[in-house]
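Reviewing the structure listed below.
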Amino acid sequence: MKNYHSNKYREKNERQEDKDTVATFVPVLEEINNCINILKINKEDSKLDDLIIQNATHHAFNRYGKRIIALKTISELFVLPETSRTLSQSELYDFLTLAAIEQTRAKDMVFKIYRDIMENYQNFNDSLKLNYPKIIVDIIAVLTVGEDTNGQKVGINTVDDYYQSRKSKASSAPVQRILTTAAKAKSKVVVANRIQQNLIEALARITGRQNKDLKESLNNLRDSDIKKISDLCANYNKIEKYCKLTSSKEFRIELEKEVGRKLTNNQVQSAVLSIRKLRKYIENQLDDKFVTHGSHGINHIKHNLEYGYQIMGLIKSNRRGESYYPQILTIHHG
């Protein structure tokens, strides 16, 4: 009876976590889309998916609010080497306006940043220009909740010192070189050349494709997707073991023994579906058929299958907690 109540309590908490995730993810995603449109960012060229998953947590939503989370995500996109983007002076004005529009404390600090951009932008080096949006977001977070987006507490009386310190560090930070088209092509060849032969052989066994075709497909994938496929191939013996289990009861017993915890019915069903769809998942990855949703930047099938693999420990999650993935379908189809 004690275990029964314990399981019920656990399932209740998991359902609540799922609700919290939906309540967090939807408004943050809408706010990111709103800010992207205002700032005229090309979503098709961005790599927002992983950054959204990383930043749109329930804790961050309650602590900082959707606007700060959205702009933090966008500012982190700017500094990625593959999407490196420096804002112009007018674009920085727009970014600061978006960040500070709801700010009611220490408005003199906000005006000081406006003046700084107006008077000194031409003297900013490339590194400072690249990192300036992140500095703006952290200043607004400090003015709003007393700490930056990394959780560093900053007193309202020392916010100017914090601002100057951040600028100084950003000015002295090296800027990662933005690759030219030719350099990117060369980089892809290097990635393809270092792919282990045992990965190619495993994929050939799973898909029946030729080694040459597999190398070309892998060369066009992002490193994060190659890593997921590699994890699945490395765990293929375990996958074969689960494929041989004919009843859901057997599957649950073996899986819970493997992961060392009780699972909800939905989690077990996700794991079963992911195992059944393994070959299809890998082939769709190789063929780049997981097209993201136009307005949300997410492919529901891909994320839900990956959630099943994460439950089983076959691939690693991109963020803490697991409740995000199974709710993607609910967000858009429920």
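The values are calculated or read from the model by the stated rules, or taken from the named source; none is laboratory data. As the structure is a computational prediction, the values presented were derived from the model and not from experiment. A quick note on method: Cβ atoms are made from the backbone with ideal geometry, for glycine too, and the neighbour counts reach across all protein chains shown.
Within region 282-294, how many residues turn out to be part of a helix (DSSP H, G or I) and either free of Cβ contacts under 8 Å to residues at least 40 places away in the same chain or surrounded by fewer than 15 Cβ atoms within 10 Å (Cβ to Cβ) (or both)? Spell out the reasoning first.
The first filter runs over region 282-294 and keeps only residues part of a helix (DSSP H, G or I), leaving 282-286.
Checking which are either free of Cβ contacts under 8 Å to residues at least 40 places away in the same chain or surrounded by fewer than 15 Cβ atoms within 10 Å (Cβ to Cβ) (or both) leaves us with 284.
Here the count works out to 1.
Within region 198-224, take every residue that is under 21 Å from THR292 (Cβ atoms) and crowded, with 17+ Cβ neighbours inside 10 Å and give me the one that is modelled with the highest pLDDT.
SER217
Would you be able to tell me the number of residues in region 142-184 that are at pLDDT 90 or above, touching a helix residue (DSSP H, G or I) at 6+ places or on another chain (Cβ under 6 Å) and in a loop (DSSP other than H, G, I, E, B)?
Residues flagged as at pLDDT 90 or above, touching a helix residue (DSSP H, G or I) at 6+ places or on another chain (Cβ under 6 Å) and in a loop (DSSP other than H, G, I, E, B) within region 142-184 amount to 3.
Out of all the residues in region 16-35, is one or more under 18 Å from the mean Cα position of the chain (by Cα), assigned by TED's automatic domain parsing to the domain that holds ILE135, at pLDDT below 90 and not in a helix (DSSP H, G or I)?
no
One line per residue, one yes/no per condition, for (1) more than 28 Å from THR158 (Cα to Cα); (2) surrounded by fewer than 19 Cβ atoms within 10 Å (Cβ to Cβ):
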site	(1), (2)
LYS47	yes, yes
ILE52	yes, no
PHE61	no, no
LYS66	no, no
ILE69	no, no
LEU80	yes, yes
ALA100	no, no
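Would you call GLU76 in contact (Cβ under 8 Å) with a residue 60 or more places away in the chain, more than 17 Å from VAL154 (Cα to Cα) and assigned by TED's automatic domain parsing to the domain that holds LYS66?
No; evaluated as a whole, the condition is false for this residue.
Is it true that VAL110 is within 20 Å of ALA70 (Cα to Cα) and more than 29 Å from the chain's Cα centre (by Cα)? Reasoning before the result, please.
Details: within 20 Å of ALA70 (Cα to Cα): yes; more than 29 Å from the chain's Cα centre (by Cα): yes.
Considered against the rule, which asks whether it is within 20 Å of ALA70 (Cα to Cα) and more than 29 Å from the chain's Cα centre (by Cα), VAL110 comes out as yes.
Evaluate the following for ARG105: is it outside any helix (DSSP H, G or I), free of Cβ contacts under 8 Å to residues at least 60 places away in the same chain and touching a helix residue (DSSP H, G or I) at 6+ places or on another chain (Cβ under 8 Å)? Explain how you work it out, then say what you get.
Values: outside any helix (DSSP H, G or I): yes; free of Cβ contacts under 8 Å to residues at least 60 places away in the same chain: yes; touching a helix residue (DSSP H, G or I) at 6+ places or on another chain (Cβ under 8 Å): yes.
Yes, satisfied.
If you go through region 89-97 one residue at a time, do you hit one that is surrounded by 15 or more Cβ atoms within 10 Å (Cβ to Cβ), farther than 23 Å from PRO174 by Cβ and among the aliphatic types (A, V, I, L, M)?
For region 89-97, residues surrounded by 15 or more Cβ atoms within 10 Å (Cβ to Cβ), farther than 23 Å from PRO174 by Cβ and among the aliphatic types (A, V, I, L, M): present.
Is there any pair with a first residue in region 197-211 that is farther than 14 Å from GLN285 by Cα and a second that is among the β-branched types (Val, Ile, Thr) whose Cβ atoms are under 6 Å apart and which are 6 or more apart or on different chains, and what are they?
Listed pairs, sorted by first residue: ASN211/ILE200.
Quick check, is ILE195 β-branched (Val, Ile, Thr) and at pLDDT below 85?
Working: β-branched (Val, Ile, Thr): yes; at pLDDT below 85: yes.
Answer is yes for this residue.
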